[in-house]
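The values are calculated or read from the model by the stated rules, or taken from the named source; none is laboratory data. Predicted model only: the values in this text are computed from it and were never measured. Cβ placement follows ideal geometry from the backbone for every residue including glycine, while neighbour counts extend to all protein chains displayed. These accessible areas exclude ligands, DNA and RNA; they are computed on the full protein's heavy atoms, side chains included. Shrake-Rupley method; radii C 1.70, N 1.55, O 1.52, S 1.80 Å.
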Amino acid sequence: MRIDVVTIFPGYLAPLREALLGRAIEAGLVELGVHDLRDWTHDVHQAVDDSPYGGGPGMVMRPQVWGEALDAVLGDAPARLVVPTPAGRPFTQATAQAWAGEERLVFACGRYEGIDQRVVDAYAQRMPVDEVSIGDYVLVGGEVAVLVMVEAVVRLLPGVLGNPVSAQEDSFSDGLLEGPAYTRPVSWRGLDVPDVLRSGNHAAIARWRRDRALERTAARRPDLLDALPDHALDRTDRAF
Ligand SMILES: O[C@H]1NC=Nc2ccccc21
């Protein structure tokens with residue numbers, strides 16, 4: 001997979017070259033290009049934004065600059081264009097799974113009050129364009145959202161995770177939140193590891209873990225429980 005990011009703060013994307021993702025890039029499992037939008041400005045002030053038509057607070061990013069940048073970055077290769085915005089569809093694990101199958105993702109990081117809508121409209125005429133949000137809060141720009149989405153997608157690529165099973169078993173894959181996890185020592189600050197986890201009884205351990213996952217999901221994310229298909233919960237599960 002190739003990932004390109006266009007932004008006025010390229011430095012914000014530096015963490016993508018650290019740790020797991022950095023190793024995936026070095027291993028050639030993913031290619032990453034980060035591009036400074038201002039490279040496609042032609043004025044001395046390198047202006048990327050302007051006042052909104054119709055008035056209102058803040059500034060809107062200019063379509064010409066974005067058009068030149070995206071034309072240059074996209075070239076002729078097909079890609080999915082992703083525009084992070086608080087007004088977007090929710091980015092979920094399902095989105096990450098879907099995008100993990102893409103050959104190429106190009107992220108356009110908006111700042112201020114977003115990007116002139118014609119940029120999305122123009123590119124949507126020739127490629128898939130997703131306006132997505134990572135949550136119901138307002139960030140200053142799309143860069144942090146890109147860090148989140150790139151990590152969620154790249155970890156799903158074959159060879160990136162040491163233990164591919166965990167991609168299936170982490171939260172949201174079975175529709176429930178993960179329950180509590182423990183490691184040595186068995187007693188720490190007067191708190192003990194639940195006995196069942198040291199019993200060696202794998203059926204009891206699996207039941208205990210599912211019960212804790214259901215309990216936590218019911219307490220913290222009842223919406224996820226409501227979204228589960230009927231067959232996903234057995235009779236014992238329904239106690240929660
Ligand atoms: O992903 C969004 N969630 C919240 N705020 C944002 C601000 C700019 C771009 C994208 C987002």
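Details
- Sub-8 Å Cβ pairs linking a first residue in region 43-55 that is modelled with pLDDT of 95 or more to a second residue that is small (Gly, Ala, Ser), at least 6 apart or interchain, are Pro52/Gly58, ordered by first then second residue.
- Count - residues of region 109-134 that are surrounded by fewer than 20 Cβ atoms within 10 Å (Cβ to Cβ), touching a helix residue (DSSP H, G or I) at 6+ places or on another chain (Cβ under 6 Å) and among the aliphatic types (A, V, I, L, M): 1
- Unmet requirement for Ala77, which otherwise passes all of (1) in contact with a strand residue (DSSP E or B) (Cβ under 9 Å, 6 or more places away or on another chain); (2) touching a residue at least 24 places away in the same chain (Cβ under 8 Å); (3) open to solvent by less than 70 Å² (accessible area, probe 1.4 Å); (4) closer than 22 Å to Val144 by Cα: (4)
- Residues being loosely packed, with under 13 Cβ neighbours inside 10 Å, touching a residue at least 24 places away in the same chain (Cβ under 8 Å), under 24 Å from the mean Cα position of the chain (by Cα) and more than 24 Å from Tyr182 (Cα to Cα) - total across region 198-240: 1
- Listed by first and then second residue, the pairs linking a residue in region 81-104 that is under 12 Å from Val153 (Cβ atoms) and open to solvent by 30 Å² or more (accessible area, probe 1.4 Å) to a residue that is more than 8 Å from the ligand (Cβ to nearest atom) and in a strand (DSSP E or B), with Cβ atoms under 7 Å apart and 6 or more places separating them unless they lie on different chains, are Glu102/Arg80.
- Filtered residue count, region 141-159, keeping only those that are open to solvent by 30 Å² or more (accessible area, probe 1.4 Å), assigned to a loop (DSSP other than H, G, I, E, B) and not small (Gly, Ala, Ser): 3
- Verdict on Ala213 being assigned to a loop (DSSP other than H, G, I, E, B), modelled with pLDDT of 95 or more and within 24 Å of Phe240 (Cα to Cα): no
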